[in-house]
């Protein structure tokens, strides 16, 4: 299992693309692997014949574990320079048989990755199917690897940060105008997201405390804005690719980048380094019609901006004569979840206020 | 409960049996007036007289043969070979006469042959042997090898009261180095194994002096907190197969330590039993630490190099634990 | 001999006749393939075992060797059990556990031999040692051959018995050959000479005169009972058959055999007993009938059950020492009457 990204420690084989006995060329994709960030192919390190598959589909192994053996002589396993072949000691075989444990799914902590007696017993004690009140009604399954990873990340974030959320209404008339007025070729996209992102980065320049990361005790304010943009993958979950040095991009460039990233994300073509290293994140679930949310901060950042639906509302504004009048205007509610360990409400409100002013005066 | 050395415990057992049973008598070289080469029978001739503590000629075959003769006419002789190594001179009488008599004639031969055994003090090739395997291999002879003072007394008592020829291995190195609480009065230790320390990760099987080496080698702090079970065999014939297999079933890993020369030592038999009867319990190969097949050398660095050291045992434990 | 009554003398002959008849019958059975392994006999040496055993009391203990069948007969072991023993039957004295004359019925006070000669000399010394330790008026007796005197156990036992002045009688059956090895190749000094250097007397006796053998052992026993220690009795005789039934003894000069045939111990005793108006022919006939009946009984006995082959290695419970055997000499009649049961 190669190290697919700096922080990756393990991966799951999703699908084998070749079988035992197949001839493989160097660089030919052998299998699809899922880390908690991306799904990617593993190219063959050499030409030869696939002699043995050591990791089954659905099995998770640590970085460094052998996935398969390629025989260079064309014969299965005969002259391969290998470590010990997969070995199950007598007690491991017996316990596995007695308890119905699939050894293919048991991680080995013995020497060389051998499955030890303790490993099997541990697998016995943590069965896949727990005594659930729903057992009789529906067949039990398992969340996808990515879903589980997202879940773990979210849970960790909520357990780590002192998460608070502040909301502010914002008049989007100018933003909408700018959007509609955009040339067809400018690829501004369907949502106001690139404009809001651009505006937010301008405000971050004046409110640097929100473009920061907090890892344990280590608090870092960043000069550049590496902007994470949440992309929904539908049932498969969500992913937050990062636009590096996003502060240097124009609205149009941002639009292009966001659309590109989203496309590649949905095709599972992201590289592992495109999903890390962000300093601030924007999420835009508003396309589905929700008004407010309580977004979870993308660790180890200290804030996340949430852009919800833009809806027409009847609001009270001052006319040119200073009188209160009711008008129909496109409105949205900007949400900011922020970490009370690094920030306080005033800062959050000031940021949102500054962002709102910018957006309400937007002139493209 | 009094505390005494391993040697004192042996003397205690002998003394009590001489007092309790007029059929018991002691014979060997220098056991009477001199009190024995290791002073086990010190003071005995004064208490029991020359007729019950007999200074024999230098004649191991006659010592053992005469013991057989006395045993079949109603006595309970306890022979001493001055060093275990010299039992070779009485081997024929022990194996061919004593060991085979009951099987052939239904005639019991209740005798004990005490063997001061083992190395570790520059005794050289003829004063350092552990010959127990020779007698495990001979039908009709029981073989005992205690490691503690309490067991030394209890097992010698059991040996003297047994109606069969019994070879009793008293490890010289333990004579004065091992002390313990020893119950007063007459008691017998069963001819079975004993769990000295309970554990879950590895079983180390040993007897005699090697029990102490194994204990030291496998202390939890020495092995990153690993839980090592130590099984003291105590009796080689009969061998406590049940205790051996129960321990291996629990830990799934077995290391056997022999001070005797490796080939066909007691540990080889234990290993074969484990491989045959506990195969499906094993999570690692059955390993042995033993003295290589060499006469025990005299010079300390040579002797230390061949006898199983605490370090060698510890390394073997570590290796198996990591398997 | 003054100490031998008429009945004693007849009994001595009868025992020798019985020994020869049993061994002859057994040799036939051996040649018929009914005796597994090897077959050893004491043909021509009957006086040595019968005469010596006859001098031992009921509480004395015996260690005979393979040419000393007469000792077992004197002590009361039944011929049928002996023939069954040769044939490896369940009713044999060892139940098939050991063969030919490797037996000793513990109840008869006899400890069976081992093949390593003369291990039993050390054992006999030990028996005597126990009698002395306990202050009992008993002796132990061990038979052994000229060849056995070359081994270490002979010297250890002789020295042990001599230095401790044990009540043991060592009977050296000098039958001229140890398998094919003549005396000249066996030792430089006649073993009877060696007793002296071990501290006790060595006496030579005509091994084919049963009454002389008896007398020599009787005297040695008396000496032992006074506390004077051991005696080596050399009984000079001749091995008239091969080492075993498979040995054709071609190494024995025929003249030697011819000479010793004239000194046959049975014929000698027959002549003596005939002078006492005993019908020797009757005696022979009775012995033959007895042996035939014994052979029939032994031939009908079953072989041992293989299931028991590995049993009985270890004794359990209280050990039973050797029992008292039959002691037919009239000189023991009073002793038997007086001694407690």
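Where a number appears in this text, it was derived from the coordinates with a stated rule and is not lab data. These numbers were taken from a predicted model, which means no experiment stands behind them. Note that each Cβ is placed from the backbone with ideal geometry, even for glycine, and that neighbours are counted across all protein chains shown.
How much length would be gained if the chain were fully extended between residue A:102 and residue A:66, taking 0.36 nm per residue of separation minus their Cα-Cα distance, in nm to one decimal? Display every interim value, and only then the final one.
Values: separation 36, 0.36 × 36 = 12.96 nm, distance 1.85 nm.
Extending this stretch completely gives an extra 11.1 nm.
Identify the residues of the stretch B:136-152 with backbone N under 18 Å of a label point that sits 7 angstrom from the Cα of residue B:264 along the Cα-to-Cβ direction, or state none.
B:136-143, by backbone N distance to the label point.
So for the stretch B:194-322: antiparallel DSSP bridges make up what percent, rounded to the nearest 5?
20
If packing is taken as the average number of other Cβ atoms within 10 Å across a peptide's residues, how do C:81-89, B:10-18, B:48-56 rank, most packed first?
Working: C:81-89: 24.4, B:10-18: 22.6, B:48-56: 17.8.
Those peptides, ordered most packed to least, come out C:81-89, B:10-18, B:48-56.
Report, to the nearest 10°, how far helix B:149-161 tilts away from the longest principal axis of the Cα atoms in chain B, using its own Cα long axis and a range of 0 to 90°.
Approximately 50 degrees, to the nearest 10.
Would you mind ranking B:230, A:14 so that the residue whose beta carbon has the fewest other beta carbons within 10 Å leads the list?
Listing B:230, A:14 from fewest to most nearby Cβ atoms yields A:14, B:230.
Points 7 angstrom from Cα along the Cβ direction at residue C:307 and residue A:206: gap in nanometres?
It works out to 10.6 nm between the two label points.
Under 17 Å from a label point 7 Å along Cα→Cβ of residue C:256: give me every residue in the stretch C:184-208 with its amide N that close.
Correct set: C:184-191, C:207-208.
How big is the Kirkwood radius of the protein assembly as shown, worked out from every pair of different alpha carbons and given in Å to one decimal?
This gives a value of 37.2 Å.
If I build a Gaussian network model for chain A, linking alpha-carbon pairs within less than 10 angstrom, which residue out of A:199, A:246, A:65 has the largest mean-square fluctuation?
Comparing A:199, A:246, A:65 in the GNM, the peak value goes to A:65.
Specify the residue with the greatest mean-square fluctuation among C:104, C:51, C:312, computed from a Gaussian network of chain C linking alpha-carbon atoms under 10 Å apart.
Per the Cα network of chain C with a 10 Å cutoff, C:312 tops the list.
Counting partner chain Cβ atoms within 10 Å of every residue's Cβ in A:197-206, what's the average? Don't jump to the answer; show the numbers that get you there.
Details: counts 0, 0, 0, 0, 0, 0, 0, 0, 0, 0.
Rounded to a whole number, the mean comes out at 0.
Between residue A:357 and residue A:259, what's the calculated FRET efficiency when r is the beta-carbon distance and R0 is 41 Å? Round to 0.05.
0.90
What does the C-alpha gyration tensor say about the overall shape of the stretch B:3-181? Classify as rounded when a/c is under 1.5, otherwise prolate if a/b is larger than b/c, or oblate.
Details: a/c = 1.42, a/b = 1.18, b/c = 1.21.
Because its axes are fairly even, with a/c under 1.5, the stretch B:3-181 counts as rounded.
Give me the percent of DSSP beta bridges within the protein assembly as shown that run antiparallel, rounded to the nearest 5. Could the numbers behind the result be given before it?
Details: 59 of 119 bridges.
Among the beta bridges of the protein assembly as shown, antiparallel pairing accounts for roughly 50 percent.
Take the alpha carbon atoms of the stretch B:166-220, find their center, do the same for the stretch C:104-179, and report the distance between the two centers in whole angstrom.
41
For the stretch B:194-322, rounded, prolate or oblate, judged on the Cα gyration tensor with a ≥ b ≥ c (square roots of eigenvalues), a/c < 1.5 rounded, else prolate if a/b > b/c?
Judged from the Cα gyration tensor, the stretch B:194-322 comes out oblate (a/c at least 1.5, b/c at or above a/b).
Over chain B, what relative contact order in percent results from Cα pairs under 8 Å that are six or more residues apart? Walk me through the intermediate numbers first.
Working: 746 pairs, mean separation 54.1, N = 323.
Dividing the mean separation by the residue count of chain B yields 17 percent.
At 7 Å along the Cα-to-beta-carbon direction for both residue C:318 and residue A:248, put a label point, then send me their distance in nm to one decimal.
10.7
Tell me what chain C gives for mean residue ellipticity at 222 nm when only DSSP H runs of n ≥ 4 count, each as -39,500 (n - 2.57), the sum divided by the residue total, rounded to 500 deg cm²/dmol.
Details: 13 runs with 151 residues, N = 341.
When only DSSP H runs of four or more count, the value is -13500 deg cm²/dmol.
If I take all pairs of Cα atoms in the stretch B:122-162, what percentage of them are more than 13 Å from each other?
On the way: 525 of 820 pairs.
Tail of P(r) above 13 Å: 64 percent of Cα pairs.
I need B:223, A:143 ordered by Cβ neighbour count within 10 Å, fewest first.
Listed from fewest to most nearby Cβ atoms, that is A:143, B:223.
So for the stretch B:109-211, what are the equivalent ellipsoid semi-axes in whole Å, largest first, each being the square root of 5 times an eigenvalue of the Cα gyration tensor?
20, 19, 15
Taking the 0 to 90 degree range and rounding to the nearest ten, how far is the long axis of helix B:60-72 tilted relative to the main principal axis of chain B, both from C-alpha atoms?
Long axis of B:60-72 versus the principal axis of chain B: about 70 degrees.
Given the Cα-Cα distance of residue B:216 and residue B:187 and 0.36 nm per residue of separation, how much length would full extension add, in nm? Don't jump to the answer; show the numbers that get you there.
Values: separation 29, 0.36 × 29 = 10.44 nm, distance 2.87 nm.
Separation in residues times 0.36 nm, less the Cα-Cα distance, equals 7.6 nm.
Against the longest principal axis of chain A, how steep is helix A:90-99, in degrees 0 to 90 to the nearest 10, with axes from Cα atoms?
So the inclination is approximately 60 degrees.
Can you compute the helix-only [θ] at 222 nm over chain B? Use -39500 (n - 2.57) per DSSP H run of at least 4 residues, normalise by all residues, nearest 500 deg cm²/dmol.
That calculation yields -10000 deg cm²/dmol at 222 nm.
Mind checking the mean number of beta-carbon atoms from other chains within 10 Å of the Cβ atoms in C:280-288?
Shielding by partners across C:280-288 averages 0.
In the stretch C:264-279, which residues have a backbone nitrogen under 19 Å from the label point lying 7 Å from residue C:330's Cα in the Cα-to-Cβ direction?
Backbone N within reach: C:269-279.
Per-residue mean of other chain beta-carbon atoms within 10 angstrom of the beta-carbon, peptide C:153-165? Could the numbers behind the result be given before it?
Numbers: counts 8, 0, 3, 14, 6, 1, 4, 8, 2, 1, 4, 5, 0.
Per residue, the number of nearby Cβ atoms from other chains is 4 on average.
Sorted by mean Cβ packing within 10 Å, highest first, what order do the peptides B:289-301, B:32-44 take?
By packing density, highest mean first, the sequence is B:32-44, B:289-301.
Using a 10 Å cut-off around each Cβ, can you sort C:132, A:267, B:153 from fewest to most neighbouring Cβ atoms? Provide the component values of the computation, followed by the final result.
Numbers: C:132 20, A:267 8, B:153 29.
Ascending Cβ contact count within 10 Å gives the list A:267, C:132, B:153.
What FRET efficiency comes out for the pair residue A:158/residue A:287, r = Cβ-Cβ distance, R0 = 25 Å, nearest 0.05?
So the FRET efficiency works out to roughly 0.55.
Efficiency by 1/(1 + (r/R0)^6): what FRET value for residue C:196 and residue C:263, r their Cβ-Cβ distance, R0 = 35 Å, to the nearest 0.05?
0.80
Sort chain C into rounded, prolate or oblate with this rule: let a ≥ b ≥ c be the square roots of the eigenvalues of the Cα gyration tensor; rounded if a/c is under 1.5, and if a/c is not under 1.5, prolate when a/b is larger than b/c, oblate otherwise.
Numbers: a/c = 1.21, a/b = 1.12, b/c = 1.08.
Taking the square roots of the gyration eigenvalues as a ≥ b ≥ c, chain C is rounded.
Among A:222, A:153, A:99, determine the one that fluctuates most according to a GNM of chain A built with springs between C-alpha atoms less than 10 Å apart.
A:99
Along the Cα→Cβ direction, 7 angstrom out, place labels at residue B:198 and residue C:277. What is the inter-label distance in nm?
9.1
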